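The values are calculated or read from the model by the stated rules, or taken from the named source; none is laboratory data. Quick caveat, the model's predicted, so the values are computed rather than measured. All Cβ positions, even for glycine, are placed from backbone atoms using ideal geometry, and neighbour counts span all protein chains on display. Side chains are part of the model used for accessible areas, which takes the heavy atoms of the whole protein and leaves out ligands, DNA and RNA. Shrake-Rupley method; radii C 1.70, N 1.55, O 1.52, S 1.80 Å.
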Amino acid sequence: RTHFLGWIESRTVKAAERRMKLAVALAVLPAAAAFVGPAAAPAETRLQESKSDLEALAKGLNPTIGFWDPLNVAGASGSLYGFNNEQTIAWYRQAEIKHGRVAMAGFLGYWAQSTDFISGPHNNLPYRGYEPGLTPPEQWDAIPLIGKVQII
């Protein structure tokens, strides 16, 4: 029995030592951050703004074709709403991003309406909606004119 009580007492002391070590480690942890160097600054993102920058970028990304602008869109200074060349290029860049997102959403819509989950008649709309067994172009033809006008 004495041996058993000694064993319990030693386990209690060891548990108290472990809790104390944990408390000291947690207390010292914030101070350790003082010895860590500052984080590296993020890499600078530089947008290509002028025609010469676009030519250099195109040559680097596609050396076979290089810069190809048959309509001289990048060199048409002041041709868009009175913008200068850099503003025109920025406007076209943002328009390209926006139209790319719309095209991706359109592709997802085209794909989604081809699935069994979405295709089929809808009874709670002003018009029947998708007809079963039709491809997406045929579904577009099945939509009444007023529905197409609302979309466009």
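Among the residues of the range 49-99, those identified as in a helix (DSSP H, G or I), open to solvent by less than 70 Å² (accessible area, probe 1.4 Å) and either in contact with a Leu (Cβ under 9 Å, 6 or more places away or on another chain) or among the charged types (D, E, K, R) (or both) are LYS51, ASP53, THR88, ILE89, ALA90, ARG93.
So that you can scan it fast, the table gives a plain yes or no per residue for (1) under 30 Å from GLN87 (Cα atoms); (2) modelled with pLDDT under 75:
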site	(1), (2)
THR12	no, yes
MET20	no, no
LEU29	no, yes
VAL36	no, yes
ALA40	no, yes
LEU47	yes, yes
